[in-house]
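Peer 1: Okay, handing you the structure first.
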Amino acid sequence: MDTSFGEITIELFEDKAPITVKNFLDYVEAKHYDGLIFHRVIPDFMIQGGGMAPGMVEKETKKPIKNESTNGLSNERGTLAMARTNVPDSATSQFFINVKDNNFLDKARSRDGVGYCVFGRVIKGMDVVDKIKEVPTGQKGVHGDVPVRDVVIKSVKKSS
């Protein structure tokens, strides 16, 4: 993942989250993420992207996928998980990178009993993630925690 702050290398857990990894890679192949922004940044929680273009313009997505939060993976620092609404099976293209251990998002500890599906982890570039989590944020309409300066996902590519 090439961002305006540097590169992030991600390992995907296809064996533990096959539906989610296929969904993510389908978006990668379609170049869906190219030019989008990290639109939600909370320094002691996570950075979220994959759904908004600059100016907080929402990008059209495919149908939601099944939540694979029962895969035994934990929302630890550096892991990628799917963002969703209050509806358990509502994840589409948006993902987040945990910037600290967020075990309360795991199925076993979640308030809603569902949790958030971890499907990958940062294996290189956590320093880039840490730079992104420190960007100043402000309020823009109904969206909170939006960086005041765009943090752009230039491109996401699958390596062999």
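Peer 1: Could you tell me which numbered condition residue 106 fails, if it satisfies all but one of (1) under 16 Å from the mean Cα position of the chain (by Cα); (2) closer than 22 Å to residue 38 by Cα?
Peer 2: With (1) under 16 Å from the mean Cα position of the chain (by Cα); (2) closer than 22 Å to residue 38 by Cα applied to residue 106, the lone miss is (2).
Peer 1: Right, something else. Within region 83-101, does at least one residue satisfy the condition of being open to solvent by 80 Å² or more (accessible area, probe 1.4 Å) and in contact with a Phe, Trp or Tyr (Cβ under 8 Å, 6 or more places away or on another chain)?
Peer 2: Scanning region 83-101 turns up at least one residue that is open to solvent by 80 Å² or more (accessible area, probe 1.4 Å) and in contact with a Phe, Trp or Tyr (Cβ under 8 Å, 6 or more places away or on another chain).
Peer 1: So which residues in region 4-23 are touching a helix residue (DSSP H, G or I) at 6+ places or on another chain (Cβ under 8 Å) and not in a loop (DSSP other than H, G, I, E, B), if there are any at all?
Peer 2: Across region 4-23, the qualifying residues are 6, 7, 12.
Peer 1: Let me ask something else. Could you list all residues from region 78-98 that are outside any strand (DSSP E or B) and either under 16 Å from residue 49 (Cα atoms) or touching a residue at least 40 places away in the same chain (Cβ under 8 Å) (or both)?
Peer 2: Scanning region 78-98 gives 78, 83, 84, 85, 90, 92, 93, 94.
Peer 1: On to the next question. Please determine whether any residue of region 35-44 is among the basic types (Lys, Arg), buried (at least 19 other Cβ atoms within 10 Å of the Cβ), part of a loop (DSSP other than H, G, I, E, B) and under 12 Å from the mean Cα position of the chain (by Cα). Don't jump to the end; show me each part of the working.
Peer 2: Pass one, region 35-44, residues among the basic types (Lys, Arg): 40.
Those left that are additionally buried (at least 19 other Cβ atoms within 10 Å of the Cβ): 40.
Now narrow it down to the ones that are part of a loop (DSSP other than H, G, I, E, B): none.
Looking for residues that are among the basic types (Lys, Arg), buried (at least 19 other Cβ atoms within 10 Å of the Cβ), part of a loop (DSSP other than H, G, I, E, B) and under 12 Å from the mean Cα position of the chain (by Cα), one finds none in region 35-44, hence no.
Peer 1: While we're looking at this one, here's another question. For region 109-140, enumerate the residues that are under 16 Å from the mean Cα position of the chain (by Cα) and β-branched (Val, Ile, Thr).
Peer 2: 118, 122, 123, 128, 129, 132
The values are calculated or read from the model by the stated rules, or taken from the named source; none is laboratory data. None of the values given here were measured: they were computed from a predicted structure. So basically every Cβ, Gly included, is an ideal-geometry build from the backbone, and we count neighbours across all protein chains shown. Note: areas computed on protein heavy atoms with side chains; ligands, DNA, RNA excluded. Shrake-Rupley method; radii C 1.70, N 1.55, O 1.52, S 1.80 Å.
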